[in-house]
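Report on one structure; see the data block that follows.
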Amino acid sequence: MLDVNNVNHGLLLPILLHCRDDQARPLLGPPRSGRKTEDFLRNAYLDIPAVVEALRQHWMPIRYARDR
């Protein structure tokens with residue numbers, strides 16, 4: 001899901017927005033300029049609970065299939 005070409009990568013964006021590398025730089029790099037970016041950055045934390053649930057729903061069928 002870290003591959004930017006993966007359609008599910010978008011689910012990680014609100015989480016990755018808050019992640020930093022070893023030098024305390026944002027993992028996503030500098031944000032694009034514009035109104036939509038400002039709105040996303042301001043409200044991304046609100047999406048994290050829904051993102052976590054979507055990730056859980058995505059991986060649960062794979063996890064249970066391996067347990068059988």
### Protein-only accessible surface order, largest first, of 46, 28 at 1.4 Å
46, 28
### Local electrostatic count, residue 40, Cβ distance below 12 Å [Lys/Arg +1, Asp/Glu -1]
+1
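The values are calculated or read from the model by the stated rules, or taken from the named source; none is laboratory data. Remember, predicted model here, so these are calculated numbers, not experimental data. Every residue, glycine as well, gets a Cβ built from its backbone with ideal geometry; the counts of neighbours run over all protein chains shown. To get the accessible areas, we keep the full protein, side chains included, count just its heavy atoms, and leave off ligands, DNA and RNA. Shrake-Rupley method; radii C 1.70, N 1.55, O 1.52, S 1.80 Å.
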